[in-house]
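Some notes on the structure that comes next.
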Amino acid sequence: MLKYRPNVGIVVFNKDKQVLLCRRRKSSSATAWQFPQGGIEDKEDVLVAGLRELKEETSVISVRFVAKLKKHLRYNFPRDLIIRNKDKGYPDYVGQEQRWLLFYFYGNDEEINVNTPEQEFSQYKWSTLQCAVENVWIVKRGVYKKVRAAFEPLIENFKID
């Protein structure tokens, strides 16, 4: 039986209706940009996991929950990554099964800090959902296209107080 790591993906957008993208610290590739994401701990609520991961990876707390995708989205790791992870003693996952959350960021950019103890990212930028699809690791691109299709109308129609 194939095992997928339970994971939460987080799309954060601002008053300009742009989304928060973060550049993976250990990659110089043009496709090193992604949304914050992380593992869901055993019996952890998805919303709690999303807020926890967002804070751990970006220091962001000034967000308002907007939506959650109803379906889980999966992607598979490349074979060489599965082998490397197994050699390092990591759990035997073939990929990630993600729950996706959408948040509105009402804070200011000074709150965003990717130099956190987790050191996942080296920088951040505000961009479009299309840019997110184009600049993410190809393995995740199919998932990002689905996330874009689901969340883009919500972002465009969001009424900012």
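The values are calculated or read from the model by the stated rules, or taken from the named source; none is laboratory data. Small disclaimer: the values here were computed from a predicted structure and weren't measured. Cβ placement follows ideal geometry from the backbone for every residue including glycine, while neighbour counts extend to all protein chains displayed. When the accessible area is computed, the model is the full protein with side chains, heavy atoms only, and any ligands, DNA or RNA have been set aside. Shrake-Rupley method; radii C 1.70, N 1.55, O 1.52, S 1.80 Å.
General observations
- Estimated from helices alone, the mean residue ellipticity of the chain at 222 nm is -8500 deg cm²/dmol (sum of -39500 (n - 2.57) over DSSP H runs with n ≥ 4, per residue).
- Equivalent ellipsoid semi-axes - Cα gyration tensor, region 75-115, angstrom: 33, 15, 8
- Accessible area of GLU118 (1.4 Å probe, protein heavy atoms only, ligands and nucleic acids ignored): about 80 Å².
- Three-way shape label, region 50-118, alpha-carbon gyration tensor, a/c 1.5: oblate
- Over the C-alpha trace of region 18-86, radius of gyration and Dmax come out as 14.3, 39 angstrom.
- Projecting the Cα positions of ILE138, GLY89, ALA49 onto the charge dipole of the chain (unit charges on Cβ atoms of Lys, Arg, Asp and Glu, taken about the Cα centre) puts ILE138 furthest along the positive direction.
- Alpha carbon convex hull of region 35-153, volume per residue in cubic angstrom: 128
- Principal axis dimensions, region 116-161 - Cα atoms, whole angstrom, descending: 34, 29, 14
- Pairs of alpha carbons in region 86-153 whose separation is greater than 16 Å (percent): 66
- Diffusion constant of region 1-51 at 37 °C, which comes from Stokes-Einstein with the Kirkwood Cα-pair radius and 0.692 mPa s, µm²/s: 255
- Two-site label geometry, ASP92 and THR31: point separation in nm, points 7 Å out along Cα→Cβ: 2.8
- Under a Gaussian network description of the chain, with springs only between Cα atoms under 10 Å, the residue in GLU110, GLU134, GLU41 that fluctuates furthest is GLU110.
- Listed by chain and number, the lysines whose C-alpha is less than 29 Å from the C-alpha of LYS140, apart from same-chain residues fewer than 8 away, are LYS3, LYS15, LYS17, LYS26, LYS43, LYS55, LYS68, LYS70, LYS71, LYS86, LYS88, LYS125.
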